[in-house]
Amino acid sequence: MSLRTFKTVIAVVIGAFLVAAVYISVLVVQRQGTLRQISLYNPAWEAGQATSEFMRLEHRLADFTNSGSGVGREEVELRYEILRGRAQILNEGSFKDLLQSNPEHRATLREFQDKIAAVQPLIDDLDQRPQGAQEALQILAPLEAPLSQLASAAHNHGAALVQKDQHELIRLHWAFSGIAASLILVGVILILLLDRHNRLLASAHQELHALAHQDALTGLPNRVVLRNQLEQALAGLKPQGRTIAVSYLDLDHFKDVNDSFGHETGDELLKAVAERLRDCIPAHEGQVRNLISRFGGDEFAILQTGISKPGESAALAARIVEAMRAPFSVNGQEIFIGTSIGIALAQGHVTPSQILKHADMALYHAKADGRGTFRFFEQEMDVQLQARRVLEVDLRKAATNGEFELFYQPQINISDNEIGGYEALLRWHHPERGLVPPAEFIPVIEDTGLIVPLGDWILEQACREAIKWPRNIHVAVNLSPVQFRSRGLVQSVSRALASSGLAPSRLELEITESVLLQDNEATVSMLHDLRRLGVRIAMDDFGTGYSSLSYLRSFPFDKIKIDQSFVREMSQRADCLAIVQSVANLGSSLGMPTVAEGIETEEQLRQIQAAGCTDAQGYYFGRPMPARDLVHTLAALKHAVKVA
Amino acid sequence: MFRAKVKTGLVAALLALTAFVGAAYAASLAMPTDRPILTISGKISVTNKDNTAQFDRQMLESMGLVTIETTTPWHEGKVKFEGVPMDKLMKLVGANGQRVVVVALNDYSTEIPMADFGKYNAILAIKRNGEYMPVRDKGPLFIIYPYDSNPDLQTQTYYARSAWQVAKIDVR
């Protein structure tokens, strides 16, 4: 039965209920009326009274004839008047009904009244004619029998009427009982219907509950459930008792699956993952209870309660990581996807939000550790995160507060034995901490996107400085992969050149291979655009990372910078020297100059010179320094270094 | 449904005066000059003959009449009765009882609680529709309640208390 029909039925039943109740009250009123009616039927009494008065008059008349009885005319007259009154009453009310039902009785009454009327002159005249009393008695005597018959007829009539009313009462009684019974029936039906209604509501409620607490795709409990359970579990924790753990996991590179196979496959994969999680995570394990939930996207969370040592969580995480390593077969595709897990244990007074955040932080670190693994949350992670937050806040203020400065490190052209250019390096003067190491803040400005406006500032600052330098000394500026993503890079470079008036050939842009890793086509076309402006492009930190030679082919670089790690260990390790030599040779074959970075000793200089590098950079020639301290000749620089 | 109107006769002031006069003559009640039509006996303090209070029609009328217009079970349509308030009559004779037994000429008798008179303003009617009531038509005296004014009065209890051809009242 649909809810709508159901409501209609209930409405009808309630309507019937009301109608029955109203009808009952009508019946009660009718019954009252009938009962009152019954009490009004007293024709027998009227007839009896008439008969009795008739007899009394006869007596008085008889006494009157008998002188010495003391009954006078007045007494006879009073009795006569009373009888007249009685006779009159027989013409009225209920008695009239009786008479109408029977012509014989009507005749009797007429005769009675005629005869009574006939004796009036005799009674009025008693003083003059005492014998009138005797005559009156003779007139009245024949009425005795009919009057008694009338009285009994009246009695019977009254009885008949009472019986009729009793029948009516009985009928009303039955109607009343019937309606009362049907009221009870309707009530019972109503109760049954309401019960059913409640059940319908309960099941609807249950469905809603399921909707609100279950993830539609995988059928796993959702985050609401996990949160609730987590709250309860945390509230029930005892200081020295068993504890709980939240394991937060997400699929490695799930986005790639969505991108390459489509969302349908992605969803199927999520279902398969949920299935596999169910298979490898038992709901009960000794005292441990596990609750798997889908948090959204490709994120799942497992709540473990009743654990006694972290090892139990680690074992479960290891099992999950292992299980996820096996390929999934989805829509005829074989998909490899791993998972990373962050685990947080309830420590001290931790809130549900905090423990989830901790698990998330641990997950972040697990991913940073190379994915396909798990990490426990450590307080250090939180400290790092907080420190990073502080750093972020400070960095956002740094630009407007003028805390950034460019330092310049000379690059020596070996064949000219003179300063050929400077590499511009960003320095941050923290108002409290002083100079902050670039390795600490550069990743943050890249992650936060601050690098984009800051990069523009660096370009403009470097160009404006370089124009002051003699001999066409060039300036090298590092570009971050993030700047290439912003698309406005080419414009920024041309604007910096235009506003400073620096010849484009004096600007060198250093990029790492990570720039080429992303969206290759767009990046390469941007590089070409930059080249078209007349600026030079150098490949930085070559030899680290993939160092695929194909990068060198994908874009005609103007220069290769050999990573300083090779130079530093050249003296101790033959392989490093060999690599430096090879890259230098490669550069010369391709017609690209090669710069060796990190030259700190004269020996290293000799070695790279021998290897065939064209340029050198390092502390041996000078540390990065502010623009105002630049000397611009190697002689002066060497002097300065010696003095230092 | 019609409502019975209880007309307070001439003026309330006159009533008060009558009550005062009644109290002043408490010890003695004038003797009826005409044939008595009502005899009050029993627990009364004001008498005029043989420990009873006897009234002729004129004595009753001189007490001041009030009017009740009402329907009754014994008449067609609305009827106007004029009579002496029973309450007032009882006070006049110094009645000191809980109930009265009313006896009719035909020796019909009925019992009425004394409280009825004050509560319902019952009257001892002398006239119906402006005419004295003859014995042959429920006269000369008829106890009338204002039936139309209160549904409670439209029951057999009060109809039975409404004695006609009233001749005697015994206070008990």
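At-a-glance table
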{"read-out": "Listed residues A:Leu406, A:Met324, A:Leu637: farthest to the positive end of the dipole of chain A (Cβ charges)", "value": "A:Leu637"}
{"read-out": "Relative contact order (%) - chain A, alpha-carbon pairs under 8 angstrom, separation at least six", "value": "8"}
{"read-out": "Point-to-point label distance, A:Glu75-A:Lys7, nm (Cα→Cβ direction, 7 Å offset)", "value": "8.8"}
{"read-out": "Cα-projected label distance for A:Thr544 with A:Gln32, points at 7 Å along beta-carbon direction, nm", "value": "10.5"}
{"read-out": "Relative intensity, log₁₀ I(q)/I(0), of segment A:511-551 from a Debye sum that treats every alpha carbon as a point, q = 0.27 Å⁻¹", "value": "-1.01"}
{"read-out": "Hull-based mean projected area of segment A:235-367, where the convex hull spans the alpha carbons, in square nanometres", "value": "7.9"}
{"read-out": "Full-stretch length increase - A:His155, A:Ala283 - with 0.36 nm per residue and alpha-carbon distance subtracted", "value": "36.8 nm"}
{"read-out": "Chain lengthening between A:Ala145 and A:Met55 when straightened (0.36 nm per residue, less Cα-Cα)", "value": "31.2 nm"}
{"read-out": "Distribution of pairwise C-alpha distances over segment B:59-110, 5 Å bins, in %", "value": "4, 14, 17, 19, 28, 13, 4, 0"}
{"read-out": "All-pairs Cα distance distribution in segment A:227-284, expressed in whole percent, bin size 10 Å", "value": "17, 34, 26, 17, 6"}
{"read-out": "DSSP loop chymotrypsin sites (Phe, Trp or Tyr not before Pro) with at most 13 other Cβ within 10 Å: longest gap in chain A", "value": "A:1-335"}
{"read-out": "Between helix A:634-643 and chain A: long-axis angle, C-alpha atoms, 0 to 90°, nearest 10", "value": "80"}
{"read-out": "Unit charges at the beta carbon, dipole of the protein assembly as shown: most positive-side option, A:Leu109, A:Ala62, A:Val246", "value": "A:Ala62"}
{"read-out": "Given charges at beta-carbon only (K, R positive; D, E negative), |dipole| of the protein assembly as shown in Debye", "value": "2000"}
{"read-out": "Three-way shape call for segment A:488-640 based on the alpha-carbon gyration tensor, with the a/c threshold at 1.5", "value": "oblate"}
{"read-out": "Calculated FRET value between A:Asn401 and A:Ala503, using beta carbons and R₀ = 35 Å, to 0.05", "value": "0.60"}
{"read-out": "Kirkwood Rh (inverse of mean 1/r, distinct Cα pairs), segment A:356-440, angstrom", "value": "16.2"}
{"read-out": "Mean separation of Cα contacts under 8 Å, 6 or more apart, over the residue count of segment A:384-444: relative contact order %", "value": "28"}
{"read-out": "Quotient of C-alpha Rg and 2.2 N^0.38 Å, computed over chain A", "value": "2.32"}
{"read-out": "Normalised convex hull volume, segment A:579-644, alpha-carbon set, Å³ per residue", "value": "93"}
{"read-out": "Nearest-ten-degree value, helix A:310-325 long axis tilted from longest Cα axis of chain A", "value": "80"}
{"read-out": "R0 of 25 Å, Cβ-Cβ distance A:Gln131-A:Glu111: FRET efficiency to nearest 0.05", "value": "0.55"}
{"read-out": "Contour excess over end-to-end distance, with Cα ends at A:Asn66 and A:Arg171 and 0.36 nm allotted per residue", "value": "32.0 nm"}
{"read-out": "Label zone at A:Asp382 (point 7 Å along Cα-to-Cβ), backbone N below 11 Å, segment A:358-372", "value": "A:358-359"}
{"read-out": "Relative contact order, percent, segment A:337-477 [alpha-carbon distance under 8 Å, six or more residues apart]", "value": "17"}
{"read-out": "Shape call, segment A:12-146: gyration tensor on alpha carbons, a/c limit 1.5", "value": "prolate"}
{"read-out": "Cβ-derived FRET efficiency at R0 25 Å, A:Ile189 paired with A:Ile24, nearest 0.05", "value": "0.90"}
{"read-out": "Segment B:48-120: GluC sites (Glu not before Pro) falling in loop per DSSP and having at most 13 other Cβ within 10 Å", "value": "B:Glu76"}
{"read-out": "Beta bridge orientation in the protein assembly as shown: antiparallel %, DSSP, nearest 5", "value": "75"}
{"read-out": "Those GluC sites (Glu not before Pro) in segment A:440-479 that DSSP places in a loop and that have at most 14 other beta carbons within 10 Å", "value": "none"}
{"read-out": "Trypsin sites (Lys or Arg not before Pro) restricted to segment A:346-435 and DSSP loop, no more than 13 other C-beta within 10 Å", "value": "A:Arg433"}
{"read-out": "Rounded to 10°, Cα long-axis angle of helix A:574-590 versus longest principal axis of chain A", "value": "90"}
{"read-out": "Of B:Lys43/B:Lys127; A:Lys255/A:Lys367; B:Lys49/B:Lys168; A:Lys561/A:Lys638, those spanning more than 19 Å from alpha-carbon to alpha-carbon", "value": "B:Lys43/B:Lys127; A:Lys561/A:Lys638"}
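Bear in mind these aren't lab numbers, they're just calculated from the coordinates by the rules spelled out. Given the structure is predicted, the values throughout are model-derived calculations rather than measurements. Every residue, glycine as well, gets a Cβ built from its backbone with ideal geometry; the counts of neighbours run over all protein chains shown.
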